[in-house]
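Novice: What follows is a single structure, and I will ask about it in a moment.
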Amino acid sequence: MNDKYSNLVANRLVNAFLKNKIINPISSKYTKKLSNADKFRKLCESKIKKPIIGFKAGGTGIPVIKKLKEKEPFYASVYEHNVLKNNKSVKINKYTLGIELEVCYLLKKSFFDFKKKISVDNINKFINYIAPCIEVVGYRQKKKGIKSFGDLCSDFGANIKFVIGPRKKFRKNNVKNLKTIISNSKIKQSVNGNTNTVYINPMNSLLFVLKKLQKDKIKHDKDFYVFTGSSVGVVPILSKGIYKGTIEKLGSVKTKIS
């Protein structure tokens, strides 16, 4: 994956990512298979010097995993400049795929010094806060739709911006089977969901990401976010304006789409 041509392609995509540009689609050799897309993602991320604020799980909907004949989701780094506070605006373009509503966690940096394998029995001690979050998803490329997880993974996880709602101190919050809703009241667009659609549940998705970070021997020197995947699928953005997402027992988050 570090051949001369792959580096040139990665440089083009990295430049588009950093400068908010749209380029022609990259070759399917980087996107058709998730294993190749993951290698390409890592190559692209190695070229970016901006601070990483966390990591996202992508492709967490089990029906989609089965439909695209994958075995599991994927993960990608999330950069600080793409994470916004509640009520902030997000500018979109015609290659934006849609908007998602997620549970996110803020974890302690001590996780990266943990020598044992992360598990359901020890995961709670690393979680500081929990919050509702909106993710706006889309490409840096002139393409639409999703043919494979590789499409998303290779393009920086296809995340455009994250907007984080008010955080709550984590107290072993139960995030199973919580009702969720995202809406734009101006155009009467509303989509209901449930946290159980997120790779069984958000805690299981969090565990998946942390296991991958351990496997890939990722190190980080600050507390970090993990974004666990959409509870409502990818909701089309039908109009600009305010989108509000609410997760039962966690609260609400808003963003202005412009």
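Rule-based calculations on the coordinates, nothing more; no lab input. If you're wondering where the values come from, they're calculated on a predicted model, not measured in any experiment. Because the Cβ atoms are built from the backbone with ideal geometry, glycine has one as well, and the counts that use them run over all protein chains shown.
Novice: Can you work out the Karplus-derived ³J(HN,Hα) for every residue in segment 67-80? Use 6.51 cos²θ - 1.76 cosθ + 1.60 with θ = phi - 60°, whole Hz, and x for glycine or proline.
Specialist: Calculated HN-Hα couplings, in order: 4, 8, 6, 9, 9, 6, x, 9, 9, 8, 6, 10, 9, 4 Hz.
Novice: Excluding same-chain pairs closer than 8 in sequence, count the lysine pairs in segment 152-214 whose Cα atoms lie under 25 Å apart.
Specialist: 17
Novice: Over segment 1-123, calculate the relative contact order: mean separation of alpha carbon pairs under 8 Å at least 6 apart, over the residue count, as a percent. Each step should come with its number before you reach the end.
Specialist: On the way: 72 pairs, mean separation 21.9, N = 123.
So the answer I get is 18 percent.
Novice: Related question: For the chain, what is the relative contact order in percent, using Cα pairs closer than 8 Å and at least 6 residues apart in sequence?
Specialist: On the way: 576 pairs, mean separation 71.9, N = 258.
Across the chain, relative contact order equals 28 percent.
Novice: If you don't mind, another one. Of the cross-linked pairs Lys147/Lys215; Lys33/Lys244; Lys21/Lys125, which ones have a Cα-Cα span greater than 30 Å in the structure shown?
Specialist: Where the Cα-Cα span goes over 30 Å, the pairs concerned are Lys33/Lys244; Lys21/Lys125.
Novice: Starting from the amide H of Gly229, placed 1.01 Å from N in the peptide plane, find each other amide H under 5 Å away whose residue is 5 or more places distant or on another chain.
Specialist: Excluding prolines and chain starts, which carry no amide H, the hits are Ala57, Val103.
Novice: Going by a ≥ b ≥ c, the root eigenvalues of the Cα gyration tensor, does segment 143-258 fall in the rounded group (a/c under 1.5), the prolate group (a/b larger than b/c) or the oblate group? Working shown, then result.
Specialist: Numbers: a/c = 1.74, a/b = 1.25, b/c = 1.39.
Oblate shape, in that a/c is at least 1.5 and b/c is the bigger or equal ratio.
Novice: So what is the calculated 222 nm ellipticity per residue for the chain, using -39500 (n - 2.57) for each DSSP H run with n of 4 or more, over all residues, to the nearest 500 deg cm²/dmol?
Specialist: Numbers: 5 runs with 55 residues, N = 258.
Rounded to the nearest 500, it is -6500 deg cm²/dmol.
Novice: Mind listing the long-range amide H neighbours of Val90? Cut-off is under 5 Å, sequence gap 5 or more, other chains count too, H placed in the peptide plane at 1.01 Å from N.
Specialist: Lys256, Ile257, Ser258
Novice: Distance from the Cα centre of segment 129-147 to that of segment 234-255, in angstrom?
Specialist: 13
Novice: Under the rule of at least 5 residues apart or a separate chain, name every residue whose amide H is placed under 5 Å from the amide H of Val83.
Specialist: Counting only residues 5 or more places away or on other chains, the set is Phe162.
Novice: Another question about this same structure. To make sure I understand the rule: partners must be aspartates and glutamates, Cα under 17 Å from the Cα of Lys219, and not fewer than 8 residues away in the same chain. Which ones qualify?
Specialist: Glu45, Glu80, Asp113
Novice: Any idea which of Ile53, Thr195, Pro166 is furthest toward the positive side of the dipole for segment 4-257, if Lys and Arg beta-carbons carry +1 and Asp and Glu beta-carbons -1?
Specialist: It is Ile53.
Novice: Enumerate cysteines in the chain without a disulfide-compatible partner, where compatibility requires another Cys Cβ under 4.7 angstrom.
Specialist: Cys with no partner Cβ under 4.7 Å: Cys44, Cys153.
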